[in-house]
Amino acid sequence: MIEQEIQSKGLTAPRITPADIAANIASEHYFTAADGDNTESAVSFGDLDGSSYKHLKLLTFCVLVLRNGSTVTGESACASPENFNAEIGRKIARENAVNKIWPLMGYAPKNSLKCELI
């Protein structure tokens, strides 16, 4: 794991850690595109016969709400319907959402460091 390698090399300068990321997640929400399409406010175009609905079941979303109220999203979709697994889809979608938190959280500490461009 990268975190273990960072620690084993004694890299102790200010940085964002996985624990920092986890501590900043207030809540997580999962749904498929089909779930979203089933809502009263959903609007669909071009699917006159409803045949696209089965494909919407294969697209999983994760919305992470951060402590400051910001939100990030992650998605996962499988190429073959036979490979769809809801639990795996949620894990991948969450990982993709978490990957969007790193640059958001890294921005503020970077501003406080006196880094010069090389």
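Below, the figures for the structure above:
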read-out	value
Test result for Pro81, at pLDDT below 95 and within 18 Å of Asn24 (Cβ to Cβ)	no
Matching entry among Glu75, Glu28 (being in contact (Cβ under 8 Å) with a residue 40 or more places away in the chain, farther than 20 Å from Lys110 by Cα and touching a helix residue (DSSP H, G or I) at 6+ places or on another chain (Cβ under 7 Å))	Glu28
Set Lys110, Lys54, Lys100: member being at pLDDT 95 or above and of a type outside the set (Val, Ile, Thr)	Lys100
Within the range 11-85, helices (runs of 4 or more DSSP H) holding 1 or more residues that are of a type in the set (Asp, Glu) and surrounded by 10 or more Cβ atoms within 10 Å (Cβ to Cβ)	18-23, 33-37
Criterion: in contact (Cβ under 8 Å) with a residue 12 or more places away in the chain and of a type in the set (Gly, Ala, Ser) - qualifying residue of Ala33, Ala19, Ala42	Ala33
Residue in the range 12-21 that is modelled with pLDDT of 95 or more and touching a strand residue (DSSP E or B) at 6+ places or on another chain (Cβ under 6 Å) present	no
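The values are calculated or read from the model by the stated rules, or taken from the named source; none is laboratory data. The shown structure was predicted, so the numbers you read here are calculated from the model rather than taken from an experiment. We place every Cβ from the backbone using ideal geometry, glycine too, and count neighbours over all the protein chains shown.
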